[in-house]
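Derivation of every value follows stated rules applied to the coordinates shown; laboratory data play no part. The shown structure was predicted, so the numbers you read here are calculated from the model rather than taken from an experiment. Virtual Cβ from ideal backbone geometry, glycine too; neighbours counted across all protein chains shown.
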Amino acid sequence: MFSFFKQIRDIFTESHTSYQQIQLSRKAFFQFLGYLSSCVLITLVTQSNYLE
């Protein structure tokens with residue numbers, strides 16, 4: 001299973017320049033932060049509705 005992910009990573013590395021890899025990684029990181037933030041926000045809003 002690990003070799004499968006290594007092959008996918010190798011294909012990704014061959015098809016993108018290092019600058020493109022950095023940009024994609026940064027974009028994915030900030031999208032992940034946005035997803036986590038929205039989960040926290042939704043959780044806080046629903047909890048505040050139950051506290052009243």
Do any residues in the range 1-23 that are hydroxyl-bearing (Ser, Thr, Tyr) have Cβ atoms under 8 Å from those of residues that are not in a helix (DSSP H, G or I), where the two are at least six apart or on different chains, and which pairs are they? none
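Tally time: how many residues in the range 17-52 are out of contact with any Ser or Thr (no Cβ under 8 Å at 6 or more places or on another chain) and either at positive phi or polar (S, T, N, Q) (or both)?
First pass over the range 17-52, keeping only residues out of contact with any Ser or Thr (no Cβ under 8 Å at 6 or more places or on another chain): 17-20, 22-52.
Of the ones still in play, those that are also either at positive phi or polar (S, T, N, Q) (or both) are 17-18, 20, 23, 25, 31, 37-38, 43, 46-49.
The number of residues fulfilling the criteria is 13.
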